[in-house]
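Worksheet: the structure to be examined is printed underneath.
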Ligand code: XIL
């Protein structure tokens, strides 16, 4: 008898853990993208590949498309990893976000070594060559690019990146123009962190993109990274939902899209049930906010399984569980909260 009950209990527990309808189907029904950042070598793992293609309709290239990876030596490009990710995406009918063309990190050594000697024209030529080569190769296959990543400081000033130092502040608009020239159909995004809610940094980003729109510099959207901390998404918390909506709305009023580009929700120490449920609530809330805003067309999580995430190393917490699936690719409470948000009826504006 006891054994029998146990079997029933286990069977229903497994059933409960089975997603009714994959996230991507819920998203597609409302013309929305739910994406995940990925790494090419992990695609060799069947659990990873199957979960990814079942649940998501968009990928982002987590690091292998960055400059130091894709152009490790001057003029010598290594496209293998990006090719593999795009082939996977195409085989599974998923859109691709290219991340990222210009970033102060993953700045190649070969360029760092000569940057002090380069004049402005030479630096522009190197930037143009990089952007043109990469974007033309994936023309029509990468539908959205994070053209420039993290160009601002929290105080709203431009970050002193090597690109700023070599070229000057107009390096950003040049990068957008070169990208557009190489693939006129790709959607071009400016992407940053700590600029999700209304604040000094998001004001600076807003001013820049509004100016681009006014002057006809090709730009189509703003990426809000959203590396958040569980429990801080609430009125009076670090991420005030109302101030997030306001920021999305003002970007939308410029005629631009918003993508939540790198969502994850971290915590200190081990993941307790309490934290996992709070995390689920927070995930649901971010999806609700994006889904309710006309301009917000995609949410991409930065990875999808707690087995592979940048958080433990970067924030020094080996026990961090910031994503939708656990280390064994089982859906967490956060997964079900996202499914519920996507399944909700669209509310009338
Ligand atoms: C991180 C990747 O996750 C790591 O694999 C890589 O080594 C370093 O970069 N903001 C960004 C991303 O825009 O590019 C970063 O990704 C995380 C923070």
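FYI, it's all coordinate maths here, none of it is from the lab. Model, not experiment: these values are computed from the prediction. Glycine also receives a Cβ, built like all others from the backbone with ideal geometry; neighbour counts cover every protein chain displayed.
One table, with the values for the structure above:
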item	result
From 319, 281, 294, residue being away from the ligand (no atom under 16 Å from the Cβ), without any contact (Cβ under 8 Å) to a residue 60 or more places away in the chain, within 17 Å of residue 221 (Cβ to Cβ) and surrounded by fewer than 24 Cβ atoms within 10 Å (Cβ to Cβ)	294
Members of region 120-175 found to be in a strand (DSSP E or B) and over 21 Å from the mean Cα position of the chain (by Cα), listed by number	158
Single residue of region 248-267 satisfying the filter (in contact with a helix residue (DSSP H, G or I) (Cβ under 9 Å, 6 or more places away or on another chain) and over 21 Å from residue 60 (Cβ atoms)) that is surrounded by the most Cβ atoms within 10 Å (Cβ to Cβ)	267
Single unsatisfied condition, residue 214 versus (1) part of a helix (DSSP H, G or I); (2) more than 17 Å from the chain's Cα centre (by Cα); (3) touching a residue at least 24 places away in the same chain (Cβ under 8 Å)	(3)
Filtered residues of region 212-242 (kept if over 30 Å from residue 305 (Cβ atoms) and in contact with a helix residue (DSSP H, G or I) (Cβ under 9 Å, 6 or more places away or on another chain))	212, 215, 217, 218, 219, 235
Of the criteria (1) under 25 Å from residue 94 (Cβ atoms); (2) more than 13 Å from the ligand (Cβ to nearest atom), which one residue 153 fails	(1)
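This table checks each residue for (1) buried (at least 20 other Cβ atoms within 10 Å of the Cβ); (2) under 17 Å from residue 261 (Cα atoms).
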residue: 151; (1), (2): yes, yes
residue: 154; (1), (2): no, no
residue: 158; (1), (2): no, no
residue: 168; (1), (2): no, no
residue: 178; (1), (2): yes, no
residue: 185; (1), (2): no, no
residue: 194; (1), (2): no, yes
residue: 205; (1), (2): yes, yes
residue: 210; (1), (2): no, no
